[in-house]
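Step one of this worksheet: look at the structure below.
The values are calculated or read from the model by the stated rules, or taken from the named source; none is laboratory data. This one's a predicted model, so the numbers in the text were calculated from it and none came from an experiment. Note that we place each Cβ from the backbone using ideal geometry, even for glycine, and neighbour counts take in every protein chain shown. Just so you know, the surface numbers come from the protein's heavy atoms only, side chains and all, with ligands and any DNA or RNA stripped out. Shrake-Rupley method; radii C 1.70, N 1.55, O 1.52, S 1.80 Å.
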Amino acid sequence: NWVAWQLTGERVNGKVKRSDEFVVDPDLPDDVRSEHRDYSGSRYDRGHMAPAGDMKWDERAMQESFYMSNMCPQAPNLNKGDWRVLEERCRKWAERYGTLFIACGPIVNESVNHKKIGRSNKVLVPDGFFKVVLKLGEHPSAIGFIFPNDDCNAPLESYAVPVDSVEVLTDIDFFHLLPDNQENQLEATNGFKRF
């Protein structure tokens, strides 16, 4: 449903090479896990939720970023375009600001009958994707992003929203460990211009 991780400037500049070996998640039972072949013949990419580029700091983290449980069916131009632009921007922000706290995942409107791909365990194609990013420190700020699962092409800022908007859409309380007053203030504002 979602993934979360910390990204730092040190991790961004790690030396582990991208593995590109997509594998089933060994911790999931056979009847709920997706396989590499489920994407064959579909028009969707295996879109990383936690990107491999954020995992260059550790061999195991890199390998696990290619677990199929970290993949969602993603429109090809989104995966290679605007979604990738945000991944790269987050790495630049981590180098500039230090530690970032990031969560992302699929958006699924449960009242809609969704397309599914695959032969084994049918993999649901999400309506879209979200990402939320938090930086603390001297000038804390948070930002949310909502992307349609489509071959879109727009400026990154056009996807930016307050984290509260993502929480309403996903029913996830993201930064609940912050003091309430700080959490409420950070999540109510679209912090794009503060990054």
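Of everything in region 42-85, what is more than 23 Å from Pro155 (Cβ to Cβ) and touching a residue at least 60 places away in the same chain (Cβ under 8 Å)? Give them in sequence order. If the condition is that a residue be more than 23 Å from Pro155 (Cβ to Cβ) and touching a residue at least 60 places away in the same chain (Cβ under 8 Å), then Ser42, Tyr44, Asn70, Pro73 are the ones that fit.
Of everything in region 98-108 that is more than 19 Å from Asp151 (Cα to Cα) and open to solvent by 20 Å² or more (accessible area, probe 1.4 Å), the residue that is farthest from the chain's Cα centre (by Cα) is Gly98. Do we find a residue being out of contact with any Lys or Arg (no Cβ under 9 Å at 6 or more places or on another chain), of a type outside the set (Phe, Trp, Tyr) and within 23 Å of Met68 (Cβ to Cβ) anywhere in region 170-191? Scanning region 170-191, I find at least one residue that is out of contact with any Lys or Arg (no Cβ under 9 Å at 6 or more places or on another chain), of a type outside the set (Phe, Trp, Tyr) and within 23 Å of Met68 (Cβ to Cβ), so the answer is yes.
Once region 50-60 is narrowed to residues that are over 15 Å from Asp20 (Cβ atoms) and surrounded by fewer than 23 Cβ atoms within 10 Å (Cβ to Cβ), the residue that is nearest to the chain's Cα centre (by Cα) is Ala50. For region 111-126, the candidate set comprises residues that are assigned to a loop (DSSP other than H, G, I, E, B) and in contact with a helix residue (DSSP H, G or I) (Cβ under 7 Å, 6 or more places away or on another chain); within that set, the residue that is nearest to Met71 (Cα to Cα) is Gly118.
In contact with a Cys (Cβ under 8 Å, 6 or more places away or on another chain) and farther than 28 Å from Tyr39 by Cα - does that describe any residue in region 114-128? No. When we screen Glu95, Glu88, Glu21, Glu10 for residues that are open to solvent by less than 80 Å² (accessible area, probe 1.4 Å) and either under 13 Å from the mean Cα position of the chain (by Cα) or farther than 17 Å from Asp150 by Cα (or both), the only hit is Glu88.
Does region 122-133 contain at least one residue that is of a type in the set (Val, Ile, Thr), closer than 14 Å to Gln74 by Cβ, touching an Asp or Glu at 6+ places or on another chain (Cβ under 7 Å) and surrounded by 15 or more Cβ atoms within 10 Å (Cβ to Cβ)?
Yes, some residue in region 122-133 is of a type in the set (Val, Ile, Thr), closer than 14 Å to Gln74 by Cβ, touching an Asp or Glu at 6+ places or on another chain (Cβ under 7 Å) and surrounded by 15 or more Cβ atoms within 10 Å (Cβ to Cβ).
For region 141-179, what are the residues that are touching a Phe, Trp or Tyr at 6+ places or on another chain (Cβ under 8 Å) and exposed (fewer than 12 other Cβ atoms within 10 Å of the Cβ)? Hit for region 141-179 is Glu157, nothing else.
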